[in-house]
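The values are calculated or read from the model by the stated rules, or taken from the named source; none is laboratory data. Values in this document were obtained by computation on a predicted structure and should not be read as measured data. For neighbour counting, all protein chains shown are included, and Cβ atoms are generated from backbone atoms with ideal geometry for every residue, glycine included. For accessibility, only protein heavy atoms count, side chains too; no ligands or nucleic acids. Shrake-Rupley method; radii C 1.70, N 1.55, O 1.52, S 1.80 Å.
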Amino acid sequence: MIVLNHLSKIYDGMAVVDELCLSVEKGSIFGLLGPNGAGKTTTIRMLCGLTRPSSGHGTIGGMDIWKNRYKVRRHFGYMAQKFSLYPDLTVTENLRFFGGACGVERTQITSRVCQLLEQTDLTAKKDAMAGSLSGGMKQRLSLACALIHDPEVLFLDEPTSGLDPVHRQELWTLLYNLSHEGKTLLVTTHYMDEAERCTEVGFLHRGKLLAKDRPDLIKDHYRSKLLELQVEPQMPALLALNQTPGILGASLRSGWIRLYASHPEKFLQEWQRQWPFPALQWTGHRWATPDMEDVFRAYSQGFDGVLREEEVQP
Amino acid sequence: MTLRLPGALLSIAYKEFIHIIRDWRILLLLFTLPPAFTLIMGHAFEHGDLSDVPTILRNEDDSAESRQFVDFLKTNKAFAWKEETGKGPIPDLLHAGVQGVVVIPSGWGKGLNSGEPIPIQAVLDGTDTTTSAEVEGVLDQALGAFQIKLRDEMVDNMPDEMIELGKKIPEDFRNKIVSTMAQWTVKTEIVYNPKQKFIDFVTPGIVGLMLQLLTVPLMAVTITRERENGTLSQLLLTSLRHWEIVVGKVLPYLGLSAIVIAVVMGLTHWHFEVNFPRPWPLVLLCFLFLLCSLGLGLLISAFCDTQAQAVQITVFFLLPIIPLCGAFAPLDQLPDAIRALAEVFPLTHFCRAFRLVNLANAEFRFLLGDIAYLSLGALATFTAAALLLRRTQS
């Protein structure tokens, strides 16, 4: 449904998106992951035809994202990162406006608006000003507006940013339903639990797609073992371990310090012989299975030593 | 496809209309400012005859002639006289609370009869250049009229011997003397604004300035607001074309401005008795000028990143227009370079064409240049705004 072929965007000599190759199947939810500034928003803006690609090209349903940008618009909806609706218009007025502007037939707008209000559970709020809605409702309204013309493809730029877990869950339920209806979704996110819900995820870092796989398979990209330690006091321990040569990084997970290193078992053997930090008290260790966050951290912080060596196939 | 267009365009016009009616502050401004401004500016520029200028009239002479002149001056309504007698230094105007001092010097009456007339002294407040010049004119006029009055009295009371003597002068020379004794006059016929009503001159300025002061800033924030809120990207992703967005945004303002024009022109007609004998050419002019102003606002809007920038640029743009548009002062006296600059502003063309229609009853060909300029201006600003719309924030 979506195919990107060596798509690049260069601002002031810097490649914000670098030779991006990607294909997204119809009906799937593709999660684009990456740290801030990785080029996720620029990628979506190019897909939407709001920014002209510097080189390469992409298609949505076979239509070029730049050359056919006016035509292709009818086939996708876009939900921006920031709340981008009219706060002084009511929920219904926002929906009706976007319906009219997107060329929905006059006779169909009313029924379409009703349907979307129901789908996004906003019927009770239909006459409230959009600006007065809570964060979760605002996002649902944004989603409804993006869906007003019943597009086949939906681009969502960090749709859950700023939402509490309950509202994130609600929104994801909606996204699942859309995917079941056969719509193709491309979502950018920072949340690893959300990434796990996608049918496929891609890691974008400095404009490059570093990995792309199914969530359950992408965890296998982390080839090393993961050692977790219990050390007191925690914060100085974290700092000391982070600075130890050979350890790529350390993070705190539910009271345990998780170590990223290409051969953690070597460190364990050494420490069992002699613990090098007399001021810190080591009380226990265990082995952990890498999850999405570990893979994300490894890719975004360049822990090449722990990752499977392979080329990303577009 | 063609059936879809009006609907999409109307939906953006309707949305823009809701923005306006939801913002009661702006709405209040739109409906109170034009009539209030019209009344204020109309009365400020109404400019009737000079009257009741506080002036000290000191008669140091106290002769029959000076008393006669004082009585004569007192009939003039231009002054509110404070009479003084006796001598002394001329008082400071500010301290005396007057705008002028007129002194009839001692020996004035005698001088009139001895063949060596002494000038009357006048000290006038120059802070207000218009009033001082007018007061001077009124004084000159009064003195002239007084002189003619004395001459007529002298001729009436001329002794018979003198008349006999006069008959001995050769006729053509005698006629010449009579001619030079009479006041030579210009018989003026003023056309186009025969009553010389200043309000008729400034009406286009009031209408035009009002439109520009309201529409340009309002329009200037419409696109920048969308850019700031992030809604512009959403708008650009709908099926709306750039020109549809631009036209759709302008439509409600066009309607509102039409009401503003009607209110301002209605007020000038009923309150200030300005007539609009040829309404249709004026409607055309107002429409074109309005498009130009809205286009300018849109252009500023499409060009700026934030609403604050848009408002600042609008203010800087509107400031030079006020003295340079020819609405309140004629442009002919301006230096060439400044005049050329004045010709850039749409309001200059609007004011000129409006007066040509309303006062001079000019034929269409006299308006052609101004109409062409306004049309091109509207077209250019709209096109530029539509092109600049794609410049979204990255």
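Points to keep in mind about this one:
- Kirkwood radius and radius of gyration were both taken over the C-alpha atoms of chain B, and their ratio Rg/Rh is 1.19.
- Sum of side-chain charges, B:Asp125 neighbourhood, beta-carbon under 15 Å (Lys, Arg +1; Asp, Glu -1): -4
- Farthest toward positive dipole pole in chain A [+1 Lys/Arg, -1 Asp/Glu at C-beta], among A:Trp287, A:Ala195, A:Leu22: A:Leu22
- Local charge for B:Gln99 was computed over the other residues whose Cβ lies under 9 Å away, with Lys and Arg +1 and Asp and Glu -1, and equals -2.
- Integer Hz, Karplus 6.51/-1.76/1.60 couplings in order for the stretch A:204-214, x for Gly and Pro: 10, 9, 6, x, 9, 8, 8, 7, 8, 6, 6
- Lys, Arg +1 and Asp, Glu -1 on Cβ, resulting dipole of the stretch A:176-314 about Cα centre, debye, nearest 20: 260 debye
- Cut-off 14 Å between beta-carbons: net charge of the residues surrounding A:Glu25, Lys and Arg +1, Asp and Glu -1: +1
- Summed buried accessible surface, chains B and A, 1.4 Å probe, nearest 100 Å²: 2400 Å²
- Distance violations [Cα-Cα > 20 Å] among B:Lys74/B:Lys149; A:Lys82/A:Lys138; A:Lys26/A:Lys219; A:Lys40/A:Lys82: A:Lys26/A:Lys219
- Within straight-line cross-link reach of B:Lys77, aspartates and glutamates at Cα separation under 20 Å, skipping those fewer than 8 residues along the same chain: B:Glu46, B:Asp49, B:Asp52, B:Asp125, B:Asp128, B:Glu134, B:Glu136, B:Asp140
- Residue-level accessible surface for B:Arg352, protein heavy atoms, 1.4 Å, Å²: 80 Å²
- Across the stretch B:81-91, computed HN-Hα scalar couplings (Karplus, 6.51 cos²θ - 1.76 cosθ + 1.60, θ = phi - 60°) run 7, 10, 7, 9, 10, x, 9, x, x, 6, x Hz from first to last residue, x flagging Gly and Pro.
- Residues whose placed amide H lies under 5 Å from that of A:Leu248, excluding near-sequence neighbours: A:Tyr260, A:Ala261, A:Ser262
- Net charge dipole size for chain A [Lys, Arg +1 and Asp, Glu -1 on Cβ; Debye, nearest 20]: 640 debye
- Calculation over all alpha carbon pairs of the stretch A:168-249 in 5 angstrom steps from 0 returns a P(r) of 3, 11, 16, 16, 14, 15, 12, 7, 4, 3, 0 percent.
- Projecting the Cα atoms of A:Leu147, A:Leu95, A:Ile44 onto the charge dipole of the stretch A:40-152 (Cβ charges, centred on the Cα centre) puts A:Ile44 farthest toward the positive pole.
- Check: the protein assembly as shown dipole with +1 on Lys, Arg Cβ and -1 on Asp, Glu Cβ, in debye: 2760 debye
- For the stretch B:157-315, lysine pairs separated by 8 or more sequence positions, or belonging to different chains, with Cα-Cα distances below 22 Å total 5.
- Counting only protein heavy atoms and a probe of 1.4 Å, the accessible surface of the stretch A:135-178 is 54% carbon and sulfur.
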